[in-house]
Amino acid sequence: QVQLVESGGGLVQPGGSLRLSCAASGSTFGIDYMAWYRQAPGKLRALVAGMTISGHINYSDSMKGRVTISRDKDKNTVYLEMNNLKPEDTAVYYCYVTRIGRPYWGQGTQVTVSS
């Protein structure tokens, strides 16, 4: 089992920045993919950014150029740096990993972009 705990969400003004963190614990050996998804009210959950264990990264078109995914191997933590946030980025952001083909989700952290 893998437990994921997100943090770093909150209220930010348009144009602002946030850094989300996702700390993994439990059976973390064997995690092969880490990603961030988001879900806005009334919309489907969608990929924001993903990273394979080998370092291949992909970003969604909606946030490309404004987000950076990274990880700290020693801390078993994956980060999402978000810049130039817009009101349409308001959503619950979820951490997602796979371990030996099995998916795990965090509980989500709310990001609200509003003046």
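Of note:
- Restricting segment 16-115 to trypsin sites (Lys or Arg not before Pro) that sit in a DSSP loop and have at most 16 other Cβ atoms within 10 Å of their own Cβ leaves Lys43, Arg45, Lys64, Arg66, Lys73, Lys75.
- Carbon/sulfur fraction of accessible area - the chain, other protein chains in place, 1.4 Å, %: 51 percent
- Reachable aspartates and glutamates from Lys43, criterion Cα separation under 14 angstrom, eight or more residues apart if same chain: Glu88, Asp89
- Taking a Cβ cut-off of under 15 Å around Gly55, the surrounding Lys, Arg, Asp and Glu residues balance to a net charge of 0, with basic ones at +1 and acidic ones at -1.
- Of the beta bridges in the chain, as assigned by DSSP with both residues counted there, near 95 percent are antiparallel.
- When nucleic acids and ligands are ignored and a 1.4 Å probe is applied, Ser54 ends up with an accessible area of around 110 Å².
- For Thr90, the shell of other residues with beta-carbons less than 12 Å away shows a net charge of +1, using +1 for Lys and Arg and -1 for Asp and Glu.
- Accessible area (Å², 1.4 Å probe, nearest 10) - Ile57: 60 Å²
- Inverting the pair-averaged 1/r between distinct Cα atoms of the chain gives 14.0 Å as its Kirkwood hydrodynamic radius.
- Proximal charge balance of Tyr79 [Cβ under 9 Å; K/R count +1, D/E count -1]: 0
The values are calculated or read from the model by the stated rules, or taken from the named source; none is laboratory data. These figures come from a predicted structure and were not determined experimentally. In this analysis, Cβ positions are derived from the backbone assuming ideal geometry, glycine residues included, and neighbour counts consider all displayed protein chains. Surface areas here come from the heavy atoms of the whole protein model, side chains and all, with no ligands, DNA or RNA. Shrake-Rupley method; radii C 1.70, N 1.55, O 1.52, S 1.80 Å.
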